[in-house]
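Colleague: Mind looking over this structure? Questions follow.
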Amino acid sequence: MRQIQTHKNRILRYNTIKEQIDDLEVLDEFFRMGEIQEEEVITKYDQTIELLEDVEFRLAMDQEEDELSAILEINAGAGGTEACDWASMLERMYLMYSDKSNYKTSILSSVQGDVAGIKSVSIEIKGDYAYGMLKSENGVHRLVRVSPFNAQGKRMTSFASVFVHPLIDDRIEIDVNPADLDWDTFRASGAGGQHVNKTESAVRVRHAPSGIVVECQEERSQHLNREKAIIMLKSRLYEAEIKRRQEEKQKVEAGKMKNEWGSQIRSYVLDDRRVKDHRTGYTVNNTDAVLNGDLEGFLKAFLTWNGE
């Protein structure tokens, strides 16, 4: 059923473009006959080009994992309360982007900041090509602003790291030996009514061979949280295998910006009203729009820059 739906979506996009081109040809004939204004033809032409560019852009996501859903993790970095607030701003940004892109989201786990914001959060983003679209967000995001948490009103810099993993489904088989798993249970935190902090429904699992640790507190049932945690673990293991396959490619790309702590991929300078991606050079001067989830330009610029 998933494959059928994917094919239906591709056919729908093709038919939409075909209709646009047919309409454009008709409008062009009407214009040559003097029955309509040139502006109508230009408007239809721009709409058709936009559709074609969108399809070409999606064709760039040709890796097996690109069409999968994603798990996005945000961790506050240096900066204390300011960094925790920045992490919560990023969480809101990605949730708004997902909503605009018709992706379904759910919070798998979240740790609140001591004063404000969040220390960390894991978000499940479900939808076709969610991972392909968001994989470019891996790295350190830097915020520069006049901090509301600073009594002197000083300009402050804070960091948060973002990690995006492909969410595997039944098309991909990952074998995990139950003997390699070490389970812990704990009480869920955050909003949730009377259930929160009453039962140990949240789970944490450590995979001994890889050292990967994941936790889940989305569901009210420990059993359901265990199932979700296994999916999260397999997704992390799958991503590790993808990275292993790409080692040679990474050597070639060694001159490009690395996604590691201290090497920010993007800067959000609010008082200068500028958001700049340091890998592609793509810059937007409407910071409010970006923080409200308008990320399409950055994502497309990365795929083009990365040669995909």
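Colleague: Note the per residue figure in Å³ for the convex hull of the C-alpha positions in the stretch 2-59.
Modeller: Measuring per residue, one finds 62 Å³ for the Cα hull of the stretch 2-59.
Colleague: Taking the chain as a Gaussian network, where each spring joins two C-alpha atoms under 10 Å apart, which residue of 100, 119, 234 fluctuates the most?
Modeller: 100
Colleague: Provide the packing ranking of 284-291, 141-148, i.e. peptides ordered by the mean count of other C-beta atoms within 10 Å per residue, highest first.
Modeller: 141-148, 284-291
Colleague: Take every DSSP beta bridge whose two residues both sit in the chain, then give the antiparallel share in percent to the nearest 5.
Modeller: That works out to approximately 90 percent antiparallel.
Colleague: Can you compute the helix-only [θ] at 222 nm over the chain? Use -39500 (n - 2.57) per DSSP H run of at least 4 residues, normalise by all residues, nearest 500 deg cm²/dmol.
Modeller: One gets -13000 deg cm²/dmol as the mean residue ellipticity at 222 nm.
Colleague: Given a cut-off of 27 Å, name the pairs among 18/100; 44/126; 8/44 whose C-alpha atoms lie farther apart than that in the structure shown.
Modeller: As for pairs spanning more than 27 Å Cα to Cα, those are 44/126.
Colleague: With 10 angstrom as the radius, rank 201, 267 by how many other C-beta atoms surround their C-beta, starting from the fewest.
Modeller: Lowest to highest Cβ neighbour count: 267, 201.
Colleague: Evaluate the charge dipole of the chain about its Cα centre and quote only its size in Debye, nearest 20, assuming +1 on the Cβ of each Lys and Arg and -1 on the Cβ of each Asp and Glu.
Modeller: So the dipole magnitude of the chain works out to roughly 1520 debye.
Colleague: Could you state the angle between the C-alpha long axis of helix 81-100 and the longest principal axis of the C-alpha atoms of the chain, as a value from 0 to 90 degrees rounded to the nearest 10?
Modeller: The angle comes out at about 40 degrees.
Colleague: Turning to a different aspect of this structure: Kindly express, to the nearest 10 degrees and within the range 0 to 90, the angle between helix 38-59's C-alpha long axis and the longest C-alpha principal axis of the chain.
Modeller: 40
Colleague: Quick one: if you take sqrt(5λ) for each eigenvalue of the C-alpha gyration tensor of the stretch 5-118, what semi-axes come out, biggest first, whole angstrom?
Modeller: Largest first, the stretch 5-118 gives 45, 19, 10 Å.
Where a number appears in this text, it was derived from the coordinates with a stated rule and is not lab data. Just so it is clear, the structure is predicted and the values come from calculations on it, not from any experiment. Cβ coordinates were reconstructed from backbone atoms using ideal geometry, including for glycine residues, and neighbour counts include every protein chain displayed.
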